[in-house]
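Worksheet: the structure to be examined is printed underneath.
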Amino acid sequence: MRPIQPASYLFAARALRDFGDAFVAVLLPVYLLALGFAPLQVGILATASLLGSALLTIGIGFLGARHDHRRLLLAAAGLMFATGAAFVSLHDYALLLFVAFAGTVNPSAGSVSIFVPLEHAVLAREVTASERTKMFARYSLVGAIAAAFGGLAAAVPDHLAMFGLDRLGGIKVMFVLYALLGALGGTLYARIPAREMTQETKRTAALGPSRRVVFKLAALFSLDAFAGGFVVQSLLALWLFEKFNLSLSQAGTFFFWSGLLSAASYPVAAWLSRRIGLINTMVFTHIPSSIALMLAALAPTLSVALALLLVRAALSQMDVPTRSSYVMAVVTVTERAAAASFTSVPRSLAAAISPTLAGLLFAASLRAWPFLICGALKISYDLLVLVQFRHIRPPEEQP
């Protein structure tokens, strides 16, 4: 019987975490309102949570260069357990604000997390260069599927009403489940092999010879994220409702298929990257998706708009596993955790700015402009990536 590979434990741990993050992202504002807090307090707590996640992720990037990744992942899983337990037991706003800032709860269900840079570093060391992108494609696919089911699980508190439990009690049950998912994740992390630490490793800087490459990638990835913030899912739904009077059931069907196409594109991206390279896959799938988005903004009918948006969905996420694989490939082994951290955090911070600008354009009845700006900025990003990094090839693409 073949032993279970460390990557399998990481896949399972990510599935548990993304499942929990997805239902917490939906239930967190409902829970806070049920506790009697005002919408402004909910917004402040969400902002504190995002800021705390970003700072923790940066910190883990520094620690990852000098410490065993397994121990850090176990500590992160413990923090997830403590976060869920604290949200169940605490009702004071100041304490909840502190837990949101210092804990693992993520109101966006996004990829900024203290787990991500550590998991990226462990995954990259477990496979050969030729298999690395396929590994990250599977990793992304597992997370996407788990998050989809996590979103569905957000309805569980309403179903618990048949057992006599009110909504507030039902949501508390979900936070207990969130804590248990953290504990289960810890048991999985405990099964991955420890990283061999030497005196030289313990003295290694978080970023060394690859610092310039990492900072340049972080800046370009931030431009991409800033562009994407103009067309976040809620704004896309708003545009479809206002322009075409799309019904809720139609919207649900569209976003289901859109998410399914995005998830299915991950293994396709791995296959394509082996034939044309990581950078080419990132760029030459992204540009058509941006063009499809811009054309959708100008589409005369609902059917044409939805068809173009589904084309975009099938292409726009193919850079996710290829981007992660490329970052791991072009830095040294000891820099991987820091590189994953420093290229993901600025993305999320940049993405938080543009939805407000898009909202202003919507308010001014310039509803097509967020889509056009997003597409133009993303194409600019793709061309900059091609120019700056086409000559920096990962090991498996070296002649």
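Each row is one residue, and each column tells you yes or no for (1) crowded, with 17+ Cβ neighbours inside 10 Å; (2) farther than 13 Å from Thr104 by Cβ; (3) touching a residue at least 60 places away in the same chain (Cβ under 8 Å).
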{"position": "Tyr9", "(1), (2), (3)": "yes, yes, yes"}
{"position": "Ala22", "(1), (2), (3)": "yes, yes, yes"}
{"position": "Gln41", "(1), (2), (3)": "no, yes, no"}
{"position": "Gly52", "(1), (2), (3)": "yes, no, no"}
{"position": "Leu55", "(1), (2), (3)": "no, no, no"}
{"position": "Arg70", "(1), (2), (3)": "yes, yes, yes"}
{"position": "Phe81", "(1), (2), (3)": "yes, no, yes"}
Look through Leu118, Leu96 and report the one residue that is surrounded by 18 or more Cβ atoms within 10 Å (Cβ to Cβ) and in contact with a helix residue (DSSP H, G or I) (Cβ under 6 Å, 6 or more places away or on another chain). Leu118
With respect to Arg393, determine if the residue is surrounded by fewer than 17 Cβ atoms within 10 Å (Cβ to Cβ), among the charged types (D, E, K, R), over 16 Å from Ala218 (Cα atoms) and modelled with pLDDT of 90 or more. yes
Just need a number here: residues in segment 260-310 that are among the polar types (S, T, N, Q) and in contact with a Lys or Arg (Cβ under 7 Å, 6 or more places away or on another chain). 2
Inspect segment 168-191 for any residue being under 24 Å from Ala25 (Cα atoms), assigned to a helix (DSSP H, G or I), among the basic types (Lys, Arg) and modelled with pLDDT of 85 or more and give the result as yes or no. yes
Can you tell me which residues in segment 252-276 are modelled with pLDDT under 85, more than 17 Å from the chain's Cα centre (by Cα) and not aromatic (Phe, Trp, Tyr)? Gly252, Thr253
Consider segment 301-335. How many of its residues are without any contact (Cβ under 8 Å) to a residue 60 or more places away in the chain, small (Gly, Ala, Ser) and buried (at least 19 other Cβ atoms within 10 Å of the Cβ)? 3
Which members of segment 121-151 meet the condition of being basic (Lys, Arg) and surrounded by fewer than 23 Cβ atoms within 10 Å (Cβ to Cβ)? Arg125, Lys134, Arg138
Do you know which residues across segment 237-252 are surrounded by 13 or more Cβ atoms within 10 Å (Cβ to Cβ) and assigned to a helix (DSSP H, G or I)? Ala237, Leu238, Trp239, Leu240, Phe241, Lys243, Phe244, Gln250, Ala251
Quick one: which helices (runs of 4 or more DSSP H) sit completely within segment 297-399 and have at least 2 residues that are within 23 Å of Thr128 (Cβ to Cβ)? 319-329, 336-351
Filtered residue count, segment 336-389, keeping only those that are more than 26 Å from Ala121 (Cα to Cα), crowded, with 22+ Cβ neighbours inside 10 Å and among the aliphatic types (A, V, I, L, M): 1
Considering residues of segment 27-39 that are surrounded by fewer than 19 Cβ atoms within 10 Å (Cβ to Cβ) and either of a type in the set (A, V, I, L, M) or at positive phi (or both) only, the residue modelled with the lowest pLDDT: Val30
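Answer yes or no as to whether Thr104 is assigned by TED's automatic domain parsing to the domain that holds Tyr139 and not in a helix (DSSP H, G or I).
The answer is yes for Thr104.
The values are calculated or read from the model by the stated rules, or taken from the named source; none is laboratory data. These numbers were taken from a predicted model, which means no experiment stands behind them. Quick reminder, even Gly has a Cβ in these numbers, built from the backbone with ideal geometry, and neighbours come from all protein chains shown.
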